[in-house]
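*Asks:* My structure is below; once you've seen it, I'll send some questions.
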Amino acid sequence: MGAGRYAPSPSGELHLGNLRTALLAWLFARSTGRDFLLRFEDLDRARAGAEELQLADLHAIGLDWDGPVVRQTERADGYLAAIAALREAGLLYECFCTRRDIAEAPSAPHAAPGAYPGTCRNLTEEQRAVRRAERPAAWRLRTDVVQYTITDVLHGDFTGLVDDFVVVRNDGVPAYNLAVVVDDALQGIDQVVRGDDLLPSTPRQAYLGTLLAGLRGSGGPALPQYAHVPLVLNGQGRRLAKRDGSVTLGQLREDGVSVERVRTVLLESAGLPGGSLDAALEAFDPALLPREPWVFTGFPTAWRGMQ
Ligand code: GLU
């Protein structure tokens, strides 16, 4: 039995888009007999009190999870071991580029748009020593491919850019793309369900995951099953955000919309029966999920106060 997961950043309250992804991740995991794990991705952004609010909301919409909730800031050992293994294998190099350096660098002929131009890839030791005195270095992965293909339950084969991406930021913090890959492997996660805004990062993560599995010499499937689910958009076609008004359980409750009503609407937006989570689980079939974003423009006033 493997595990699926939901991995929010504890940067504030969850909104309807986050809750919908969490519901789908839970349905994917439970409908395939997997454990369901929660992990706070708090390396970048964490706001005091956000974890408690998020857990309370996930619980309120009826989700359950297995084992202790983990947070990335408490998992340094795994990241450090992976970084050491990559460094020993000669797969990391220091990068001193600012964003501006990268934007202004002449890109190599045929380089994919958005790819790191390789400025620091072949610096000499002397050049590095000079640059180290100027600014702290980030560490980039020395890749030997320019793209990688992953298979996604909803998107099929997806080929995307793999450049020399950052694995350790220049403040010493492991980059998201490294942390997520290390955590998923160490936690035995073999199913990754998340918003499709992360689809373009997935080839990089899969490439790194395969590399790390090779260095560990671990057999077995290196890569999880991926399912990138459509986002929720606001009436202007932009990704739903808290500034869009009543989009958190807390705000909706104040408006008189019950949590059951919210869950029903979220499940129905995914083409599922909204009566109960059990009914949704029974009917769940990834092949039938909508492939288009769900546009949310507010709860009709008639629903207010309805149970
Ligand atoms: N922490 C990311 C988010 O909040 C999700 C990362 C993932 O699921 O891999 O969107």
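The values are calculated or read from the model by the stated rules, or taken from the named source; none is laboratory data. The shown structure was predicted, so the numbers you read here are calculated from the model rather than taken from an experiment. For neighbour counting, all protein chains shown are included, and Cβ atoms are generated from backbone atoms with ideal geometry for every residue, glycine included. In case anyone asks, the SASA skips ligands and DNA or RNA and just uses the protein heavy atoms, side chains included. Shrake-Rupley method; radii C 1.70, N 1.55, O 1.52, S 1.80 Å.
*Asks:* Just wondering, is there one or more residues in the stretch 142-154 that are open to solvent by 10 Å² or more (accessible area, probe 1.4 Å) and within 16 Å of the ligand (Cβ to nearest atom)?
*Replies:* yes
*Asks:* Let me ask you something else. Under the condition of being open to solvent by 50 Å² or more (accessible area, probe 1.4 Å) and within 24 Å of the chain's Cα centre (by Cα), which residue from the stretch 95-123 is nearest to Val168 (Cα to Cα)?
*Replies:* Arg99
*Asks:* Further, regarding this structure: Go through (1) within 25 Å of Val193 (Cα to Cα); (2) surrounded by fewer than 15 Cβ atoms within 10 Å (Cβ to Cβ); (3) in contact with a helix residue (DSSP H, G or I) (Cβ under 9 Å, 6 or more places away or on another chain); (4) not small (Gly, Ala, Ser) one by one and return the number of the condition Asp157 breaks.
*Replies:* Of everything listed in (1) within 25 Å of Val193 (Cα to Cα); (2) surrounded by fewer than 15 Cβ atoms within 10 Å (Cβ to Cβ); (3) in contact with a helix residue (DSSP H, G or I) (Cβ under 9 Å, 6 or more places away or on another chain); (4) not small (Gly, Ala, Ser), Asp157 misses just condition (3).
*Asks:* I would also like to ask the following. Within the stretch 36-48, take every residue that is in contact (Cβ under 8 Å) with a residue 60 or more places away in the chain and not in a loop (DSSP other than H, G, I, E, B) and give me the one that is nearest to the ligand (Cβ to nearest atom). I'd like the intermediate steps shown before the answer.
*Replies:* We begin by selecting, within the stretch 36-48, every residue in contact (Cβ under 8 Å) with a residue 60 or more places away in the chain; these are 37, 39, 41, 43-44.
Next, from what is left, pick out any that are not in a loop (DSSP other than H, G, I, E, B): 37, 39.
Working: Leu37: 11, Arg39: 8 Å.
Only one residue fits best here, namely Arg39.
*Asks:* Quick check on Leu92: is it within 16 Å of the ligand (Cβ to nearest atom), among the aliphatic types (A, V, I, L, M) and surrounded by 14 or more Cβ atoms within 10 Å (Cβ to Cβ)? Working first, answer last.
*Replies:* Details: within 16 Å of the ligand (Cβ to nearest atom): no; among the aliphatic types (A, V, I, L, M): yes; surrounded by 14 or more Cβ atoms within 10 Å (Cβ to Cβ): yes.
So Leu92 does not fit the description; no.
*Asks:* Please go through (1) assigned to a helix (DSSP H, G or I); (2) within 14 Å of the ligand (Cβ to nearest atom); (3) over 27 Å from Trp294 (Cβ atoms) for Ile83 and return the number of the only condition it doesn't satisfy.
*Replies:* (2)
*Asks:* Which is in contact with a helix residue (DSSP H, G or I) (Cβ under 9 Å, 6 or more places away or on another chain), at pLDDT 95 or above, within 23 Å of Asp64 (Cα to Cα) and part of a loop (DSSP other than H, G, I, E, B), of Pro273, Pro290? Break it down stepwise before answering.
*Replies:* Working: Pro290 fails: within 23 Å of Asp64 (Cα to Cα).
Answer to the check: Pro273.
*Asks:* Right, something else. Only residues in the stretch 161-183 that are of a type in the set (Gly, Ala, Ser) count as the first member; pair them with residues that are away from the ligand (no atom under 16 Å from the Cβ) and open to solvent by 30 Å² or more (accessible area, probe 1.4 Å), Cβ under 7 angstrom, at least 6 apart or cross-chain, and list the lot.
*Replies:* Sorted first by the residue in the stretch 161-183, then by its partner, the pairs are Ala175/Val166.
*Asks:* I've got another one for you. Name every residue in the stretch 16-33 that is crowded, with 22+ Cβ neighbours inside 10 Å, away from the ligand (no atom under 13 Å from the Cβ) and of a type in the set (Lys, Arg), in order of residue number.
*Replies:* Across the stretch 16-33, there are no qualifying residues.
*Asks:* Can you find a residue in the stretch 55-74 that is part of a loop (DSSP other than H, G, I, E, B), closer than 27 Å to Phe296 by Cβ, without any contact (Cβ under 8 Å) to a residue 24 or more places away in the chain and more than 10 Å from the ligand (Cβ to nearest atom)?
*Replies:* Scanning the stretch 55-74, I find no residue that is part of a loop (DSSP other than H, G, I, E, B), closer than 27 Å to Phe296 by Cβ, without any contact (Cβ under 8 Å) to a residue 24 or more places away in the chain and more than 10 Å from the ligand (Cβ to nearest atom), so the answer is no.
*Asks:* Would you point out which residue out of Glu51, Glu13 is acidic (Asp, Glu), open to solvent by 10 Å² or more (accessible area, probe 1.4 Å), closer than 23 Å to Val232 by Cβ and in a helix (DSSP H, G or I)? Even if it seems obvious, please write down each step before you answer.
*Replies:* Values: Glu13 fails: in a helix (DSSP H, G or I).
On inspection, the qualifying residue turns out to be Glu51.
*Asks:* Could you check how many residues of the stretch 210-259 are assigned to a loop (DSSP other than H, G, I, E, B), open to solvent by less than 20 Å² (accessible area, probe 1.4 Å) and without any contact (Cβ under 8 Å) to a residue 40 or more places away in the chain?
*Replies:* So the answer is 0.
*Asks:* Moving on to the next point. Of these, Leu38, Leu24, which one is at pLDDT 95 or above and touching a helix residue (DSSP H, G or I) at 6+ places or on another chain (Cβ under 8 Å)? It would help to see each step written out before you state the result.
*Replies:* On the way: Leu24 fails: touching a helix residue (DSSP H, G or I) at 6+ places or on another chain (Cβ under 8 Å).
None of the others qualify; the one that does is Leu38.
*Asks:* Condition check: touching a His at 6+ places or on another chain (Cβ under 6 Å), within 16 Å of the ligand (Cβ to nearest atom) and touching a residue at least 12 places away in the same chain (Cβ under 8 Å). Does Leu186 satisfy that? Steps first, please.
*Replies:* Details: touching a His at 6+ places or on another chain (Cβ under 6 Å): no; within 16 Å of the ligand (Cβ to nearest atom): yes; touching a residue at least 12 places away in the same chain (Cβ under 8 Å): yes.
No.
*Asks:* Is there a residue in the stretch 265-272 that is in contact (Cβ under 8 Å) with a residue 12 or more places away in the chain, surrounded by 14 or more Cβ atoms within 10 Å (Cβ to Cβ) and within 16 Å of the ligand (Cβ to nearest atom)?
*Replies:* No, the stretch 265-272 contains no residue that is in contact (Cβ under 8 Å) with a residue 12 or more places away in the chain, surrounded by 14 or more Cβ atoms within 10 Å (Cβ to Cβ) and within 16 Å of the ligand (Cβ to nearest atom).
*Asks:* Condition (residue is more than 20 Å from Ile83 (Cβ to Cβ) and touching a residue at least 60 places away in the same chain (Cβ under 8 Å)) applied to the stretch 115-124: is it met by at least one residue? It would help to see each step written out before you state the result.
*Replies:* Kept after step one, since they are more than 20 Å from Ile83 (Cβ to Cβ), are these residues of the stretch 115-124: 115, 117-119, 122, 124.
From what's left, touching a residue at least 60 places away in the same chain (Cβ under 8 Å): none.
No, the stretch 115-124 contains no residue that is more than 20 Å from Ile83 (Cβ to Cβ) and touching a residue at least 60 places away in the same chain (Cβ under 8 Å).
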